[in-house]
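The values are calculated or read from the model by the stated rules, or taken from the named source; none is laboratory data. Values in this document were obtained by computation on a predicted structure and should not be read as measured data. Reconstructed Cβ throughout: ideal geometry from the backbone, glycine too, with neighbour counts over all protein chains shown.
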Ligand SMILES: *Cc1c(COP(=O)(O)O)cnc(C)c1O
């Protein structure tokens, strides 16, 4: 029995998943392997084949897989029978995370916020943020932007633009008005001025919003970058019209754009910031809503959730802050790495002008705009065959998105980019041959 199962698994390695797992699975379709181990910038399948990881769980693993400092801290905590789960009771692990957050993240940036722990997903944090903004203002409407992605539970999904995800709801997605993001109509159209004009016009038809929610760099939406000037205007517009300004930093935060928060150095003071993905540092589920103290108007237990106290995530999140954010050196490294990455992507773009339209993004959240999935899909497939995991984003899956670990070595970064360059060139050549035929 055991033997026949093993041989069946060898001949049809995905049979178990095809038999038992829902059709809804998605990344497993782009990356057909059974992964087993992971370390640093690499994942290994069960046959020991290595893959460079330029996806990192969609920016959940900004510090790479199984970072030794986080692993050590977690193993010590488990060894000492540290509390794993305690609802939202006080725990030593939570206290130590909060103290590290205050001392090394908030205070040095002169930020004063209360921390609300929600259920462990990004969508959980967005739901809480929108609910709180509605409670504080007594209003229903929320302004969200074209190509915004905020999660797929109903409240967050209403703020998400993507029609594939919205189509799954089969119930009206209400309480959100869509407005054009920075640059949506080209660089000459000031969409912030449009937003202000529509909100200021008593017959503009847009209900006064409880909040304006925005990503500083749109991750799933295709690496669209908002300018500091546009963001400052939007923050001002929010306040002028009595709304809270929410930055969704779930993907762009935790160092991805080169600083801990994506909006640093822009003169912004969001009323609410949502965080998840890389917050725990090691891939453990954890989400956080940072709220200006004056808006922390919840009644005790009014918004709850069983899994708001993942102590293992608190332990690794504290280790991540201690390891990477005790001073400015990591941020400086990420900036340098970003320049190296941008330079290489520009070279790939120049060498393949028939298929690459643009280099997009900011920090270590950069990618290639190849126009459509007709180019990006074969690149993703070919890259995987050559040992590189890379994904697409954008309305037409037209962006090849590099989300390498922030602490990847230059050697590994170059190796991954060599594979990417080779795959883009090969697909460009195939297309040229196809159109000549
Ligand atoms: C991933 C993401 C979310 C949703 O997080 P989940 O953990 O998938 O629910 C929300 N906002 C942004 C900007 C994201 O990138």
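The condition (being in contact with a strand residue (DSSP E or B) (Cβ under 7 Å, 6 or more places away or on another chain) and not in a helix (DSSP H, G or I)) is satisfied by just one residue among 368, 341: 368. Of the residues screened, residue 319 is not one that is more than 21 Å from residue 93 (Cα to Cα) and either outside the structural domain of residue 106 (by TED's automatic domain parsing) or assigned to a helix (DSSP H, G or I) (or both). Mind checking whether some residue in segment 149-156 is assigned by TED's automatic domain parsing to the domain that holds residue 184, more than 9 Å from the ligand (Cβ to nearest atom) and part of a helix (DSSP H, G or I)? Yes; the residues of segment 149-156 include at least one that is assigned by TED's automatic domain parsing to the domain that holds residue 184, more than 9 Å from the ligand (Cβ to nearest atom) and part of a helix (DSSP H, G or I).
Of 59, 7, all but one fail to be surrounded by fewer than 11 Cβ atoms within 10 Å (Cβ to Cβ) and either modelled with pLDDT under 95 or within 16 Å of the ligand (Cβ to nearest atom) (or both); the exception is 7. In segment 157-170, the qualifying residues are those that are more than 11 Å from the ligand (Cβ to nearest atom) and either touching a residue at least 40 places away in the same chain (Cβ under 8 Å) or surrounded by 15 or more Cβ atoms within 10 Å (Cβ to Cβ) (or both), and the one that is nearest to residue 23 (Cα to Cα) is 162. Take the residues in segment 42-56 that are part of a loop (DSSP other than H, G, I, E, B) and within 21 Å of residue 419 (Cβ to Cβ), then tell me which one is nearest to the ligand (Cβ to nearest atom). Within segment 42-56, the match that is nearest to the ligand (Cβ to nearest atom) is 55. If you go through segment 210-234 and pick out every residue that is within 21 Å of residue 162 (Cα to Cα) and in a loop (DSSP other than H, G, I, E, B), you end up with 8. Pairing residues of segment 121-133 that are in contact (Cβ under 8 Å) with a residue 60 or more places away in the chain and over 16 Å from residue 271 (Cβ atoms) with residues that are more than 10 Å from the ligand (Cβ to nearest atom) and not in a helix (DSSP H, G or I), at Cβ distances under 7 Å and at least 6 apart in sequence or on separate chains, gives 124/118; 124/305. Pairs needed: first member in segment 80-105, outside the structural domain of residue 315 (by TED's automatic domain parsing); second member anywhere, surrounded by 18 or more Cβ atoms within 10 Å (Cβ to Cβ) and not in a loop (DSSP other than H, G, I, E, B); C-beta distance under 7 Å; at least 6 residues apart or different chains. As it stands, the answer is none, since no pair meets every condition given. Taking segment 128-147 only, how many residues are more than 11 Å from residue 243 (Cα to Cα) and surrounded by fewer than 24 Cβ atoms within 10 Å (Cβ to Cβ)? Looking only at that region, the number is 4. Taken residue by residue, segment 220-227 has no member that is touching a residue at least 60 places away in the same chain (Cβ under 8 Å), more than 15 Å from the ligand (Cβ to nearest atom) and in contact with a strand residue (DSSP E or B) (Cβ under 8 Å, 6 or more places away or on another chain).
For every residue, the table says whether it meets (1) at pLDDT 95 or above; (2) within 21 Å of the chain's Cα centre (by Cα); (3) within 15 Å of the ligand (Cβ to nearest atom).
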position	(1), (2), (3)
73	yes, no, no
89	yes, no, no
98	yes, no, no
102	yes, no, no
105	yes, yes, no
110	yes, no, no
114	yes, no, no
129	yes, yes, yes
134	yes, no, no
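Scanning segment 62-73 for residues that are surrounded by fewer than 20 Cβ atoms within 10 Å (Cβ to Cβ) and in contact with a strand residue (DSSP E or B) (Cβ under 9 Å, 6 or more places away or on another chain) turns up just one, 66. If you check residue 252 against the conditions, is it modelled with pLDDT of 95 or more, within 19 Å of the chain's Cα centre (by Cα), assigned by TED's automatic domain parsing to the domain that holds residue 217 and assigned to a helix (DSSP H, G or I)? The answer is no for residue 252.
Of all residues in segment 233-244, none are crowded, with 24+ Cβ neighbours inside 10 Å, touching a residue at least 60 places away in the same chain (Cβ under 8 Å) and within 16 Å of the ligand (Cβ to nearest atom). Taking the criterion of being loosely packed, with under 15 Cβ neighbours inside 10 Å and more than 30 Å from residue 371 (Cα to Cα), the residues of segment 199-231 that qualify are 200, 201, 202, 203, 204, 205, 207, 208. Looking only at segment 264-290, filter to residues that are surrounded by fewer than 24 Cβ atoms within 10 Å (Cβ to Cβ) and more than 13 Å from the ligand (Cβ to nearest atom); which one of those is farthest from residue 337 (Cα to Cα)? So, considering only residues that are surrounded by fewer than 24 Cβ atoms within 10 Å (Cβ to Cβ) and more than 13 Å from the ligand (Cβ to nearest atom), the one farthest from residue 337 (Cα to Cα) is 269.
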